[in-house]
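The block underneath contains the structure these notes are about, expressed in structure tokens.
The values are calculated or read from the model by the stated rules, or taken from the named source; none is laboratory data. If you're wondering where the values come from, they're calculated on a predicted model, not measured in any experiment. Here the Cβ is made from the backbone with ideal geometry for all residues, glycine too, and neighbour counts use every protein chain on show.
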Amino acid sequence: MSRHVTDRLSAYLDGALGASALEQVEAHLEVCGSCSRAYQELQALQRMLRGLPEPPLSQGFADRLHWRLQREAAHPTRRGALRWFQVRPPFRVALACATMLLILGLPATWMADRLVPPETPLDTDAYIREYLVFSLDQPLVDEASPAFVISDSFAPESPRR
Amino acid sequence: MADAVSVLPGLTEETAVTSGPAERSGAHRLAAFEGLLQRHLRGIRRVAYRLAGNVDDAEDLLQEALVEAFRAFDRYQPGTYFDRWVYRIMTRTHIDWVRRRGRRPETSLDAPVGPSGDTLVSLIGDTRGDPQHLTDIADLDGPIQAALDRLPAEFKTAVVLADVEGLSYDEIAAAVGCPVGTVRSRLHRARETLRRALQPYLMRGSWK
């Protein structure tokens, strides 16, 4: 027996199968009791759904609806202005993240500026004054310095090992 | 229902005398909208009820979808199917509702359903029970609706539009905004789930 055709029974019920698939399904239904029963159940299900009773609605519903529509006609909602805010779920998440970043990011940037101590420019005058006070007995330039500088500048480079 | 949703009897004449062009235009739009609604109300009401699952939610869904449709009425193309156009708005509204509420089944397994007040577990889940007393589709309305309510919203929409309203694959695809292949696959899965859930009742009664 060919393989079961339960996955094609719904399309078969709607007459939506191509010629080849239609032939296969009909041939299979001739010989397969299980698929044949499933098809009959699908037919019965469709008849049940089509035969469901008309739904009742409450007595005042029509008046309420009419009143809402009338109010809408008199004072139409400005859909154009609202539509900008109506975004699909994936974009809602992105929008929420962007909003959070904006809300949290701006204060964080502002705080960061205030938490790090500002760099003060080097006070050269104060440095020299301090040096003069504390190093009177050790002047900045002594006799040995020029000799050291000259000897260092003209010293031959030591060969690398 | 149809009587109460009037085409503004008397109001249009009054507004023509006392109000400006904007109000007159609103009244004319409302008259045209309600005229179309009267003609297609049965099907629209049926779809709302089967999607929502109970009268209270159906009325909320119907009202929200129809107000939404009225706001967008300028985009409706005269001469096309008004009911199909409303279904598109209604199915989108319904799926938004379900997403907002979460994907839990709207009907509890222990909640009483049907005219006899049986629980869903006893009517659907337990196939050992004798469903012989349920011999009329009206009696089965509760269990069928409960089985529909347990389907994911997209599947329920497909099966309601196809089997309750008799729309074609193309019409359903246009209403829910998805490819025809997706409609076909959703219908197959929805019907298969319903067939298994309602199996004890399918081969009995007048729909056999």
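Tabulated results
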{"read-out": "Criterion: of a type in the set (D, E, K, R) and more than 19 Å from A:Q43 (Cα to Cα) - qualifying residue of B:E165, B:E192, B:E154", "value": "B:E154"}
{"read-out": "From A:S20, A:S36, A:S58, residue being surrounded by fewer than 18 Cβ atoms within 10 Å (Cβ to Cβ) and within 10 Å of chain B (Cβ to nearest Cβ)", "value": "A:S58"}
{"read-out": "Check on B:V98, at pLDDT below 95, in a helix (DSSP H, G or I), of a type in the set (A, V, I, L, M) and under 20 Å from B:V159 (Cα atoms)", "value": "yes"}
{"read-out": "Test: residue in the stretch A:87-103 that is surrounded by 11 or more Cβ atoms within 10 Å (Cβ to Cβ), outside any helix (DSSP H, G or I), at pLDDT below 80 and facing chain B (nearest Cβ under 10 Å)", "value": "no"}
{"read-out": "Residues (of a type in the set (A, V, I, L, M), touching a residue at least 24 places away in the same chain (Cβ under 8 Å) and within 11 Å of chain A (Cβ to nearest Cβ)) located in the stretch B:63-87", "value": "B:A65, B:L66, B:A69"}
{"read-out": "Index of the failed condition, B:R189 passing every other in (1) charged (D, E, K, R); (2) at the interface with chain A (Cβ under 8 Å from one of its Cβ atoms); (3) touching a Phe, Trp or Tyr at 6+ places or on another chain (Cβ under 8 Å)", "value": "(2)"}
{"read-out": "Some residue of the stretch A:15-23 being among the hydroxyl-bearing types (S, T, Y) and free of Cβ contacts under 8 Å to residues at least 12 places away in the same chain", "value": "yes"}
{"read-out": "Selection within the stretch B:157-171 - small (G, A, S) and either surrounded by 24 or more Cβ atoms within 10 Å (Cβ to Cβ) or in contact with a Cys (Cβ under 8 Å, 6 or more places away or on another chain) (or both)", "value": "B:A158, B:A162"}
{"read-out": "Filtered residue count, the stretch B:156-194, keeping only those that are over 18 Å from A:T6 (Cβ atoms) and of a type in the set (S, T, N, Q)", "value": "3"}
